[in-house]
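I have placed the structure first, in the form of structure tokens, so that the comments after it can refer back to it.
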Amino acid sequence: QVQLVESVGGLVQAGGSLRLSCAASVRTFSSFAMGWFRQAPGKAREIVAAINRSGSSTYYADSVKGRFTISRDNAKNTVYLQMNNLKPEDTAVYYCAAVNTILIVTSRQRYDYWGQGTQVTVSS
């Protein structure tokens with residue numbers, strides 16, 4: 001099993017920035033594709049960003065493209081989500097996820113391991 005622990009989120013004003021991190025308790029972290037998802041109240045969980053095992057490929061949802069950046073530090077077993085120019089509609093619980101594959105994965109159903117989620121609130 002793989003345990004994923006997200007950092008504490010936070011409350012920021014619209015236009016502000018926040019960086020989330022997710023630490024994985026696995027020795028072979030570099031074998032896992034990683035993703036960030038979010039879920040707002042009353043809405044389905046949706047993909048935010050994804051990154052392949054080496055970090056050479058990334059994917060972003062249209063709603064965050066140009067504002068968010070996913071990255072990873074395999075030496076630290078950590079994946080990050082840098083969120084800039086935050087908007088109130090970014091308010092959600094953010095989850096990191098992992099799956100052992102050479103591919104980049106954007107489908108929620110393909111991920112095997114999930115973090116506990118962290119709240120991000122953007123005020124207007």
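The values are calculated or read from the model by the stated rules, or taken from the named source; none is laboratory data. Just so it is clear, the model here is predicted, and its values are computed rather than measured. Note that each Cβ is placed from the backbone with ideal geometry, even for glycine, and that neighbours are counted across all protein chains shown. Only protein heavy atoms, including side chains, enter the accessible area calculation; ligands, DNA and RNA are left aside. Shrake-Rupley method; radii C 1.70, N 1.55, O 1.52, S 1.80 Å.
Placing +1 on the Cβ of every Lys and Arg and -1 on the Cβ of every Asp and Glu, with no other charges, gives segment 41-86 a dipole of roughly 60 debye about its Cα centre.
Can you give the relative contact order of the chain as a percent, counting alpha carbon pairs under 8 Å and 6+ residues apart?
Worked out over the chain, it gives 37 percent.
Assuming a viscosity of 0.692 mPa s and a temperature of 37 °C, what translational diffusion coefficient in µm² per second does Stokes-Einstein assign to the chain, Rh being the Kirkwood radius over Cα pairs? Roughly 232 µm²/s, to the nearest whole number. Convex hull volume of the C-alpha atoms in segment 62-113, normalised per residue: 114 Å³. Protein heavy-atom surface of the chain, 1.4 angstrom probe: 47% of the accessible area is carbon and sulfur, with nucleic acids and ligands not counted.
Computing FRET efficiency as 1/(1 + (r/R0)^6) for residue 30 and residue 84, where r is the C-beta to C-beta distance and R0 is 30 Å, gives about 0.65.
Taking the Cα centre of the chain as origin, sum charge times position over the Cβ atoms of Lys and Arg (+1) and Asp and Glu (-1), and report the length of that vector in debye to the nearest 20.
On the way: 13 positive and 7 negative charges, 29 e Å.
Rounded to the nearest 20 debye, it is 140 debye.
Over segment 12-72, the reciprocal of the mean inverse Cα-Cα separation, the Kirkwood hydrodynamic radius, stands at 13.1 Å. Across segment 105-115, rounded Karplus estimates of 3J(HN,Hα) from the backbone phi angles (6.51 cos²θ - 1.76 cosθ + 1.60, θ = phi - 60°) give 10, 10, 8, 4, 5, 7, 7, 9, 10, 9, x Hz, Gly and Pro being marked x. Going toward the positive end of the dipole of segment 8-124, with +1 on Lys and Arg Cβ and -1 on Asp and Glu Cβ, which of 88, 55, 9 do you reach last? Farthest towards the positive pole: 55. Extension gain for the segment residue 123 to residue 76, taken as residue separation times 0.36 nm less the Cα-Cα distance, is 13.7 nm to one decimal. Expressed as a fraction of 2.2 N^0.38 Å, the value expected for a compact globular protein of N residues, the C-alpha radius of gyration of segment 1-40 is 1.46.
Label separation (residue 43 vs residue 1): 3.1 nm, computed from points 7 Å beyond Cα along the C-beta direction.
Full extension of the chain between residue 67 and residue 19 yields a length gain of 16.1 nm, computed as 0.36 nm times the residue separation minus the alpha carbon distance.
Backbone phi angles across segment 51-59, fed through the Karplus curve with coefficients 6.51, -1.76 and 1.60 (θ = phi - 60°), yield HN-Hα couplings of 8, 7, 4, 8, x, 7, 10, 9, 9 Hz in residue order; Gly and Pro are listed as x.
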